[in-house]
1. At Asp124 and Arg216, where each label point lies 7 Å from the Cα along Cα→Cβ, what is the point-to-point distance in nanometres?
2. Pulled fully out, how much extra length does the chain show between Ala228 and Glu86, if you take 0.36 nm times their separation in residues and subtract their Cα-Cα distance?
3. Stretch Glu159-Arg288 to full length: gain in nm at 0.36 nm per residue minus the Cα-Cα span?
4. Just subtract the alpha-carbon distance of Met1 and Arg42 from 0.36 nm times their residue separation and send over the number in nm, one decimal.
5. Val181 to Ile347: FRET efficiency via 1/(1 + (r/R0)^6), r the Cβ-Cβ distance, R0 56 Å, to the nearest 0.05?
6. Name the residue farthest towards the positive end of the dipole of segment 210-318 from the options Ala228, Gly287, Thr251, assuming +1 on Cβ of Lys and Arg, -1 on Cβ of Asp and Glu, about the Cα centre.
7. Please report, largest first and rounded to whole Å, the three semi-axes of the ellipsoid equivalent to segment 184-259, where each semi-axis is the square root of five times an eigenvalue of the C-alpha gyration tensor.
8. For Thr138 and Leu12, what is the calculated FRET efficiency with R₀ set at 51 Å and r taken between the beta-carbons, to the nearest 0.05?
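The numbers here are math on the coordinates, done by the rules we state, and not lab data. Predicted model, so just to flag it, every value in this text is computed and none were measured. Neighbour counts are summed over all protein chains in view; Cβ atoms, including those assigned to glycine, are modelled from backbone coordinates with ideal geometry.
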Amino acid sequence: MRSILVRGGQPLTGEVRVEGAKNSALKLIAAALMAPGASRIRNVPDIADVSLMAEVVAGLGARVTREDHSIVVDASHVDRVEAPYEMVSRMRASTAVLGPLLARFGEARVAMPGGCAIGSRSIDMHIAGLEQLGAAITVEHGVIVARAERLTGAAVTLEFPSVGATENLLMAAVLAEGETVIDNAAREPEISDLAAFLRAMGADIAGEGTPEIRVRGVSELHAADDHAVVGDRIEAGTFLAAGALCGGPVTVTGFDPHHLEIVLAKMRAAGVSVEQGERSVTVSVSGRLAPVDVQTLPFPGFPTDMQAQFMTMMALADGTSVVTENVFENRFQFAGELVRMGADVHIEGHHALVRGVHAL
Ligand code: UD1
């Protein structure tokens, strides 16, 4: 699909079910590399990044089969340990194979991710953490080469609760000798989903969802027979924002509303009527939205992946709001497009001043 044509001015109402979280599914596919046998993952979204991750693991020798919304990764015959630049440059999440390959095969070669549109997003914390687990890491011609006969558990304190670094370290620690404590760990629901998947493979993990994850290393893992990916809170929040923008009512199902608590609180503060069910949320709006300030933070803070959608809501609010981006640099590029549609947005460093207008 090269372009999407939207004819505006229609009310948006109805019910939609979200798929499994992309940000979890990609990591589970990488984690499946950690044991011989066929791991089956359900509720996998049918999106390009999943196909790319399937290509990455297939390129390593895994056998991948997909049907409907399930994917089976048979990692019995993995015989390569390299994620080439061609893949990493297309999808940064390919770096999630670093921890699994190193832990199972004692070696991993992953191309350095190049520049990325939404900030520098380096992987220095991944590297420093793996070194603390005993890996020898060099960069050869733009490729990260990590080696360790067997990783050893250690106490690792992350400088920042990076999602990707927490995941790579968690996966590596599962097969390390002894205990690993990851302090200042990311608490995103996708981390908890990864921990549940690893546990289904035989891992011994405690504390996921808190800033301190404890892992007792095991000598081997087995395939996970059946794991359903956690519902995509960002996809859910995006449909809810669309409902709030167009009036609704819009109902979104297939996810845990607790994973969106701060987003729902901000929507309520903006005057959105929010009805919360166990696995669903309905939003509706009458009249104009009220301005609300938001700042992005690691979970359970306001998600950076909902920042653009929320700014779009605020572009139509009755007053001025400040949107602050703390997680990524350069995550305001879309704002220029909003301005072209008539929004009044002024960017100052990592703050955006949004003066609501009547219509875009
Ligand atoms: C993941 C999500 C992304 C989400 C982000 C934050 C996936 C595929 N992507 O990205 O959608 O927006 O979490 O919730 O799951 N950083 C470093 N050094 C490192 C690692 C990170 O400086 O070694 C910095 C990054 O540049 C960024 C910040 O830390 O500014 C957050 O990055 P991180 O939490 O690692 O995000 P990702 O895992 O890349």
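1. 3.6
2. On the way: separation 142, 0.36 × 142 = 51.12 nm, distance 2.94 nm.
Additional length available on full extension: 48.2 nm.
3. Working: separation 129, 0.36 × 129 = 46.44 nm, distance 4.10 nm.
Contour length minus Cα-Cα distance gives 42.3 nm.
4. Values: separation 41, 0.36 × 41 = 14.76 nm, distance 2.53 nm.
So the extension gain works out to 12.2 nm.
5. Details: r = 40 Å, r/R0 = 0.71.
After rounding, the FRET efficiency stands at 0.90.
6. My answer, from the dipole projection, is Gly287.
7. Details: eigenvalues 217, 43, 9 Å².
Equivalent ellipsoid semi-axes, largest first: 33, 15, 7 Å.
8. Numbers: r = 52 Å, r/R0 = 1.02.
Plugging the Cβ-Cβ distance into 1/(1 + (r/R0)^6) gives 0.45.
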